[in-house]
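The structure under discussion appears below in the form of structure tokens.
Only the coordinates and a few stated rules stand behind these numbers; no lab work does. Small disclaimer: the values here were computed from a predicted structure and weren't measured. We place every Cβ from the backbone using ideal geometry, glycine too, and count neighbours over all the protein chains shown.
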Amino acid sequence: MIKKTILSSGTPILMQKMNSFYSFMLGVWIKYGSRHEPLEKNGLSHFIEHLLFQGTSKRDAKSISLRIDSLGGDINAFTSREFTSLYIKVLDKYIPEAIELIGDIFSNPSFPENEIEKERSIIIDEIRTIEDTPDELIHDLFMSNIFSDSLGQPVFGRKETVMNISRDDIINCFKKYYSSKNCIISCAGNFNENKLIEEIEKNFIFRNTESVPRLKKSTFNPSIRVHEKDLNEVHICLGIESIPFNSPHRYTLSLLNLITGGCVSSKLFQEIREKKGYAYNIYSFLSCYSDTGIFGVYTACEKSRAYNVVELIISIIKNLQETLTEDELQRAKKQAISQLLFSSESTNYVMQNLAYQELYLDRIYSVKEQIRKIESIKISDLKNMAEFLKNKKIALTVLGSIDSKNLSGINI
């Protein structure tokens, strides 16, 4: 059973009891990510995420590590373009101890100067790692090419902007936005609701400061961009502006994504890998945000095949409306429903799903409701979505030992 209540601070808390489980998971979600950062301070939210684990008013970094290990649990965090999340997972018998720990980390970070410099160095190393990992770097390059505003900023920041972030920047941002107006809590697992809320009220301090500013809608920039780099393969990312997370057509696009490149029987996988042998790895993906979305494709191949691979991907996307079949729709529905049910057996997924729905939909849909939405989709819905994508301009980003002349003549 899913339940939503409001804490005394005004912070929403979403709870789903899973009584047959031994585990408990709690996440704190802050509506502040790389998209909200000033250009010159890009990487600020990710920097704060790192520093939350580097000490509080009563614990240093090692004490935090020792405490979570002594509970046999896991504590971590991640930053995205539109939010930051801090979460903890423990056995249900350690819920009070876990909430005390994560409450202390969230409520009382000390941001010690020496730890700031150490983490700055670690983050710069993370950025270098991405620069040396082309199948990750291509996605950052793609986003920066299609969105010239803050949505295109890399989550980790850039070396020069990370070096430009001061302790005052960190403290001011934390005090300003990590507050009751910009947070939600989601929980899943085996717990007693009243005791859970009591522990959260006791251990969390939610400041009542200002809301994160509303963002202007991002503008999608269709273009071809080539980034030359000495690599064995050419990495390709192309995409079309699609729909935001709260669109009523989200389930239709999810099924179309499965059919296009989301499983081993998909059109892209079968044509480009199985039939042509042009690439080892190829897939389509969805990235949905509060105001826009991306329907994209990633692959990597030999330089000599890059032109043909791009042309073939575009052809498959542009011809989806004419090639979709009822059999493909039924397979995609089974895939989507199976993935949903498999995921619903994980406290991690349930906790995250509650948060995503609250953040983007402002209401919670049960698994049964989601399945009904999937089952209601008709072949005509898929074809209408395919037509919608067909009429959109395509953006293409390429990374590798190749120049734009090798791609001249491609019609996006």
Inset, instruction - In whole angstrom, note down how far apart the Cα centers of the stretch 3-32 and the stretch 304-363 are. - result: 27
Inset, instruction - For helix 95-107, report the angle its Cα long axis makes with the longest principal axis of the Cα atoms of the chain; keep it between 0 and 90° and round to the nearest 10°. - result: 80
Legend entry - GluC sites (Glu not before Pro), loop per DSSP, at most 16 other Cβ atoms within 10 Å - longest free stretch of the chain: 1-209
Inset, instruction - Provide the convex hull volume over Cα atoms per residue for the stretch 267-412, in Å³. - result: 150
Inset, instruction - Assuming R0 = 45 Å, can you tell me the calculated FRET efficiency for the pair L66 and K392, based on Cβ-Cβ distance, to the nearest 0.05? - result: 0.30
Inset, instruction - Give me D for the stretch 199-279 in µm² s⁻¹, whole number, from Stokes-Einstein with Rh from the Kirkwood sum over alpha-carbon pairs, 10 °C and 1.306 mPa s. - result: 88
Inset, instruction - Tell me which residues come under 5 Å, amide H to amide H, from G157 once H is placed; ignore anything under 5 positions away on its chain. - result: G43
Inset, instruction - Could I have the simple spin-label model distance between E322 and R214, label points 7 Å from Cα toward Cβ, reported in nm to one decimal? - result: 4.3
Inset, instruction - Just tell me the longest site-free run in the chain, where the sites are chymotrypsin sites (Phe, Trp or Tyr not before Pro) in a DSSP loop having at most 12 other beta-carbon atoms within 10 Å. - result: 23-279
Inset, instruction - Kindly state, to the nearest 0.05, the FRET efficiency for K373 paired with N172, given R0 = 60 Å and r defined as their beta-carbon distance. - result: 0.90
Inset, instruction - Could you state the orientation-averaged shadow area of the convex hull built on the Cα atoms of the stretch 2-203, in nm² to one decimal? - result: 12.0
Inset, instruction - Give the shape of the stretch 68-149 as rounded, prolate or oblate, defined through the alpha-carbon gyration tensor: a ≥ b ≥ c are the square roots of its eigenvalues, a/c under 1.5 means rounded, and otherwise the shape is prolate if a/b is larger than b/c and oblate if not. - result: prolate
Inset, instruction - Rounded to whole Hz and in sequence order, give me ³J(HN,Hα) for the stretch 123-136 from the Karplus expression 6.51 cos²θ - 1.76 cosθ + 1.60, θ = phi - 60°, writing x for Gly and Pro. - result: 5, 4, 5, 4, 5, 4, 4, 4, 4, 8, 10, x, 6, 8
Inset, instruction - Tell me which residues come under 5 Å, amide H to amide H, from S223 once H is placed; ignore anything under 5 positions away on its chain. - result: A395, L396
Legend entry - the chain - percent relative contact order, Cα under 8 Å, separation 6 or more: 21
Legend entry - Neighbourhood net charge (9 Å Cβ-Cβ; Lys/Arg +1, Asp/Glu -1) for S211: +2
Inset, instruction - Starting from the amide H of F191, placed 1.01 Å from N in the peptide plane, find each other amide H under 5 Å away whose residue is 5 or more places distant or on another chain. - result: M18
Inset, instruction - Can you bin the stretch 114-260 into rounded, prolate or oblate? Criterion: square roots of the alpha carbon gyration tensor eigenvalues sorted a ≥ b ≥ c, rounded for a/c under 1.5, prolate for a/b above b/c, oblate for the rest. - result: oblate
Legend entry - Cross-link pairs K318/K378; K89/K333; K58/K202; K31/K202; K3/K89 - those with Cα-Cα distance over 25 Å: K89/K333
Legend entry - Helix-only CD estimate at 222 nm, as mean residue ellipticity for the chain, using -39500 (n - 2.57) per DSSP H run (n ≥ 4): -12500 deg cm²/dmol
Inset, instruction - Could you work out how far apart the two model spin labels at Y365 and K118 are, taking each label as a point 7 Å from the Cα in the direction of the beta carbon, and quote it in nm? - result: 4.5
Legend entry - Summed side-chain charge close to S404 - residues other than S404 whose Cβ falls under 12 Å, Lys, Arg +1, Asp, Glu -1: 0
Inset, instruction - Kindly write out, for the stretch 398-405 in residue order, the coupling ³J(HN,Hα) from the Karplus curve 6.51 cos²θ - 1.76 cosθ + 1.60 (θ = phi - 60°), rounded to whole Hz, with x marking Gly and Pro. - result: 10, 10, x, 7, 7, 10, 4, 4
Inset, instruction - Calculate one ³J(HN,Hα) per residue across the stretch 75-83 by plugging θ = phi - 60° into the Karplus curve 6.51 cos²θ - 1.76 cosθ + 1.60, and present them in order as whole Hz with x for glycine and proline. - result: 9, 7, 7, 8, 10, 10, 6, 10, 6
Inset, instruction - Compute the acute angle (0 to 90°) between the alpha-carbon long axis of helix 379-390 and the principal axis of greatest extent of the alpha-carbon atoms of the chain; round to the nearest 10°. - result: 80
Inset, instruction - Count the DSSP beta bridges whose two residues both fall in the chain, then state the antiparallel fraction as a percent rounded to the nearest 5. - result: 85
Inset, instruction - Please compute the net charge surrounding N76, taking Lys and Arg as +1 and Asp and Glu as -1 over other residues with Cβ under 11 Å from its Cβ. - result: -1
Inset, instruction - At most 10 other Cβ atoms within 10 Å and a DSSP loop assignment: could you name the trypsin sites (Lys or Arg not before Pro) in the stretch 10-117 that fit? - result: K58
Inset, instruction - Mind checking the full-extension length gain between I337 and K93? Use 0.36 nm per residue of separation minus the Cα-Cα distance, one decimal, nm. - result: 84.6 nm
Legend entry - Sites K195 and S8 - FRET efficiency at Förster radius 22 Å, r taken between beta-carbons, to 0.05: 0.85
Inset, instruction - Could you tell me which of F174, N203, M25 has its Cα farthest along the dipole of the stretch 2-203 towards the positive end, charges placed at Cβ (Lys, Arg +1; Asp, Glu -1), taken about the Cα centre? - result: N203
Inset, instruction - Please label the shape of the chain as rounded, prolate or oblate, based on the square roots a ≥ b ≥ c of the eigenvalues of the alpha-carbon gyration tensor (a/c under 1.5 means rounded; beyond that, a/b larger than b/c means prolate, else oblate). - result: oblate
